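Visitor: Below you'll find the structure I mean.
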Amino acid sequence: MWGAAPYHYGMSALFKPISSELGFSRAATSVPTAIGRLEGGFEAPLAGWITDKFGPKWIVLFGVFLIGLSLILMNFVNSLWAFYVVWGVLLGTGTNIGMSIPIDKAITDWFVKKRGKALGIKWVGSGLSGVLVLPLLAWLITIQGWRMASVIFGVIMWALGLPLAWFSLKRHRPEYYGLLPDGATAEEKMDTSRMIDTGVKYATEVEEVEFTLRQSMRTSAFWMMVAAQAVHGLTAGALNVHLIPFLTDRGMDPLRAAGMMAVMVSFSIPARFIGGFLADRINKSHIRFLMAGAYFSQALGFAVFLLNQSIPMIYVWLALYGAGQGVGFLFAAMTARYFGRKAFGSIQGTKQMLMTPFSIVAPIYLGWVYDTTGSYMTAFGVVAAVLTAASVLMSFARPPKPPAQIADIRKLM
């Protein structure tokens, strides 16, 4: 909840204060977000492989340390290159490796039949960062300035994140500790090898099959999911950076604009939990329609506002977008349902690498459109169109057939 706030939502509150004080254009101020996403594309496959091989604990600890350090270093930023290094490289790396794939991998390993609910709760936590933590950040900026607000957030990140990662994360899936996923219990005590086999059998009760990375990349579902998830990253990255600047351009004060962003996130929170609840209960072949509906809801939100650009329609837009975004975060659950637990980190990391170019371009594109036209409307129309296309594409992403040869999970550990 705390770690997601600065990077994913906080830049929207920090955007204009940083841009104004340091004299950056909006396109230039958008670049660090793109840098973080670019390096995330290179880091994600490695982070995924390391997590599959050695577990999430140490990589999450390192990521949390970098997040705190980079936020503290923001106090000393006085130039464009320093801004790019601290926010783009250091904070981007910390968030990429500390807040995403390793934590999803841990949850995916420890939950199977209740995985959607578990991931939904995780995403509810990150969503609460936009509802509870973002307004706090905006308030701190108004009374302390953006530099001291960043330092405060960095110190609290260390105080919260390091102990939680140290005490709560385990290196391996539960079978290595004599347990089964979801808190289920084995009928008898077994050695590790038999427990692993029992865990694999347990997962087959929900039609889960263990794919390797190479096997997953040979399926059409993998590539359809990459394309659709790229649109999700494109839209979320662009809007998280530019929403508050867009609202303040329309005359809102920064605190009210941050509150509007919190409204958007608040609509996503019940959708994250309900989506996770449904993901555990619907047939594996139907989860794609849940995701397609999420994209359509986001596209509809943009369309409603573009047709009637009034303040009341902004609320409708953000409500529809937030609800769709909440369900759309369940891509991790869909990936695990389609391809299993064994290579989840490597598969997610490779997908993230492949979709990175889209998420890099989006914030800069919106900034460039504003710098050249004085308005975001053209860019919003493009976003609505690609969301509609992603909705259609997602509906055709059928579950892959099981691989001809299923590799032993122990070979990867």
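Visitor: Over the alpha-carbon set of region 153-227, work out the extent along each principal axis and list the three values in angstrom, largest first.
Guide: 44, 44, 19
Visitor: Also, I was wondering about something else. Please identify, among Thr372, Thr335, Thr142, the residue showing maximal mean-square fluctuation in a Gaussian network model of the chain using a 10 angstrom Cα cutoff.
Guide: Of Thr372, Thr335, Thr142, the most mobile in the Gaussian network model is Thr372.
Visitor: Something else: Helix-derived [θ] at 222 nm for the chain: sum -39500 (n - 2.57) over DSSP H runs of at least 4, divide by residue count, nearest 500?
Guide: Details: 17 runs with 300 residues, N = 413.
Taken over the chain, the calculation gives -24500 deg cm²/dmol.
Visitor: Turning to a different aspect of this structure: Pop the C-beta distance of Ile121 and Ser285 into the FRET formula with R0 = 41 Å and round what comes out to the nearest 0.05.
Guide: Working: r = 25 Å, r/R0 = 0.61.
About 0.95, to the nearest 0.05.
Visitor: Sticking with this one: Return Glu187, Glu208, Glu21 ranked ascending by Cβ neighbour count within 10 Å, so the fewest neighbours appear first. Could the numbers behind the result be given before it?
Guide: On the way: Glu187 6, Glu208 20, Glu21 13.
Least to most surrounded, the residues fall as Glu187, Glu21, Glu208.
Visitor: Further, regarding this structure: Compute the long axis of helix 115-128 from its Cα atoms, compare it with the longest principal axis of the Cα atoms of the chain, and write down the angle in degrees, 0 to 90, nearest 10.
Guide: Long axis of 115-128 versus the principal axis of the chain: about 20 degrees.
Visitor: Convert each backbone phi in region 352-357 into a coupling constant with the Karplus relation 6.51 cos²θ - 1.76 cosθ + 1.60 (shift: θ = phi - 60°), then list the ³J(HN,Hα) values in order as whole Hz, x for Gly and Pro.
Guide: In residue order, the calculated couplings are 5, 4, 5, 8, 4, x Hz.
Visitor: Testing the spin-label approximation: label points 7 Å from Cα along Cα→Cβ at Phe54 and Leu307. State their distance in nm.
Guide: Between Phe54 and Leu307, the simple spin-label model gives 5.4 nm.
Visitor: Stick to Cα atoms and the Kirkwood definition of Rh, then tell me Rg/Rh for region 229-371.
Guide: Here the Rg-to-Rh quotient is 1.01.
Visitor: Let me ask another. If one takes the longest principal axis of the Cα atoms in the chain, at what angle in degrees, from 0 to 90 and to the nearest 10, does the Cα axis of helix 287-307 lie?
Guide: 10
Visitor: Something else about it: Kindly write out, for region 324-331 in residue order, the coupling ³J(HN,Hα) from the Karplus curve 6.51 cos²θ - 1.76 cosθ + 1.60 (θ = phi - 60°), rounded to whole Hz, with x marking Gly and Pro.
Guide: Going residue by residue, I get x, 4, x, 5, x, 5, 7, 4 Hz, with x marking Gly and Pro.
Visitor: Taking a point 7 angstrom from the Cα of Leu22 along the C-beta vector, which residues in region 61-75 have backbone N less than 11 Å away?
Guide: Answer for region 61-75: 74-75.
Visitor: Also, quick follow-up: Could you list Phe62, Phe380 in order of exposure, starting from the residue whose Cβ has the fewest other Cβ atoms within 10 Å? Mind showing how you got there, number by number?
Guide: Values: Phe62 17, Phe380 22.
Neighbour counts put them in this order, fewest first: Phe62, Phe380.
Visitor: May I ask you to derive the relative contact order of region 122-199, considering only C-alpha pairs under 8 Å and at least 6 residues apart, and to give it as an integer percent? Before the final figure, lay out each step's value.
Guide: Values: 30 pairs, mean separation 12.7, N = 78.
Once normalised by length, the contact order is 16 percent.
Visitor: Please give the peptides 72-82, 93-103 ranked by average Cβ packing (other Cβ atoms within 10 Å per residue), highest first, as a rough proxy for protection.
Guide: Final packing ranking: 93-103, 72-82.
Visitor: May I pose another question? Exposure proxy check: Thr212, Thr185 ranked by fewest other beta carbons within 10 Å?
Guide: Values: Thr212 20, Thr185 8.
Lowest to highest Cβ neighbour count: Thr185, Thr212.
Visitor: Below 8 Å, C-alpha to C-alpha, sequence gap of six or more: please give me the relative contact order for the chain in percent. Spell out each step's value before the answer.
Guide: Details: 730 pairs, mean separation 117.4, N = 413.
Relative contact order for the chain comes out at 28 percent.
Visitor: How much length is gained if the chain between Arg218 and Glu188 is pulled fully straight, taking 0.36 nm per residue apart and subtracting their Cα-Cα distance, in nm to one decimal? Intermediate values should be presented prior to the final figure.
Guide: On the way: separation 30, 0.36 × 30 = 10.80 nm, distance 3.83 nm.
Gain on stretching Arg218 to Glu188: 7.0 nm.
Visitor: When the Karplus curve 6.51 cos²θ - 1.76 cosθ + 1.60 is applied with θ = phi - 60°, which whole-Hz ³J(HN,Hα) does each residue of region 152-164 get, with x for Gly and Pro?
Guide: Once θ is set to phi - 60°, the couplings for region 152-164 become 4, 5, x, 5, 5, 4, 5, 5, 8, x, 5, x, 5 Hz.
Read the figures in this text as sums done on the coordinates, not as results from a lab. Source: prediction; values computed, not measured. All Cβ positions, glycine included, derive from the backbone under ideal geometry; neighbour counts span all protein chains shown.
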